[in-house]
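The values are calculated or read from the model by the stated rules, or taken from the named source; none is laboratory data. Source: prediction; values computed, not measured. Neighbour counts are summed over all protein chains in view; Cβ atoms, including those assigned to glycine, are modelled from backbone coordinates with ideal geometry. Just so you know, the surface numbers come from the protein's heavy atoms only, side chains and all, with ligands and any DNA or RNA stripped out. Shrake-Rupley method; radii C 1.70, N 1.55, O 1.52, S 1.80 Å.
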Amino acid sequence: MFEKIVAILQEYSGADKSLIVPEARLTADLGLNSLDVINIVVAFEDEFGVEISNDDLRTFQRVADIENYLEQHAAKR
């Protein structure tokens, strides 16, 4: 799962793969803006078959936040 997350983040951020680690912050470290974050959420929803609410989206600060969320919610399908 983490490799898919990295691939999606790399596509939208243009960041080097080595920078996309669990501790990386989406905006400060990867340079994502609010539109980028919306686009990655749509990509995650499509890839993992989950629906991410706006409230849940606000909790995404680091790559690990996304990974933890997807692990919990994709397993419920």
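Using the structure shown, decide if L30 is touching a Phe, Trp or Tyr at 6+ places or on another chain (Cβ under 9 Å) and either surrounded by 14 or more Cβ atoms within 10 Å (Cβ to Cβ) or assigned to a helix (DSSP H, G or I) (or both).
Numbers: touching a Phe, Trp or Tyr at 6+ places or on another chain (Cβ under 9 Å): yes; either surrounded by 14 or more Cβ atoms within 10 Å (Cβ to Cβ) or assigned to a helix (DSSP H, G or I) (or both): yes.
Yes: the conditions hold for L30.
Here are the criteria: (1) in contact (Cβ under 8 Å) with a residue 60 or more places away in the chain; (2) open to solvent by less than 90 Å² (accessible area, probe 1.4 Å). Tell me which single one E71 does not satisfy.
(2)
Could we say that V21 is within 10 Å of the chain's Cα centre (by Cα) and of a type outside the set (S, T, Y) here?
Details: within 10 Å of the chain's Cα centre (by Cα): no; of a type outside the set (S, T, Y): yes.
Taking the combined requirement at face value, the residue does not satisfy it.
Of all the residues that make up segment 1-27, how many are under 20 Å from A74 (Cβ atoms), in a loop (DSSP other than H, G, I, E, B) and either free of Cβ contacts under 8 Å to residues at least 12 places away in the same chain or open to solvent by less than 40 Å² (accessible area, probe 1.4 Å) (or both)? Full working, then the answer.
The first filter runs over segment 1-27 and keeps only residues under 20 Å from A74 (Cβ atoms), leaving 1-12, 20, 22, 26.
Now drop any that are not in a loop (DSSP other than H, G, I, E, B), which leaves 1, 20, 22, 26.
Next cut, either free of Cβ contacts under 8 Å to residues at least 12 places away in the same chain or open to solvent by less than 40 Å² (accessible area, probe 1.4 Å) (or both) only: 20, 26.
Qualifying residue count for the region: 2.
Does at least one position in segment 40-51 carry a residue that is in contact (Cβ under 8 Å) with a residue 40 or more places away in the chain, open to solvent by 30 Å² or more (accessible area, probe 1.4 Å) and either in contact with a strand residue (DSSP E or B) (Cβ under 9 Å, 6 or more places away or on another chain) or of a type in the set (V, I, T) (or both)?
No, that holds for no residue.
Name, by its number, the condition in (1) at pLDDT below 95; (2) open to solvent by 50 Å² or more (accessible area, probe 1.4 Å) that does not hold for F60.
Status for F60: all satisfied but (2).
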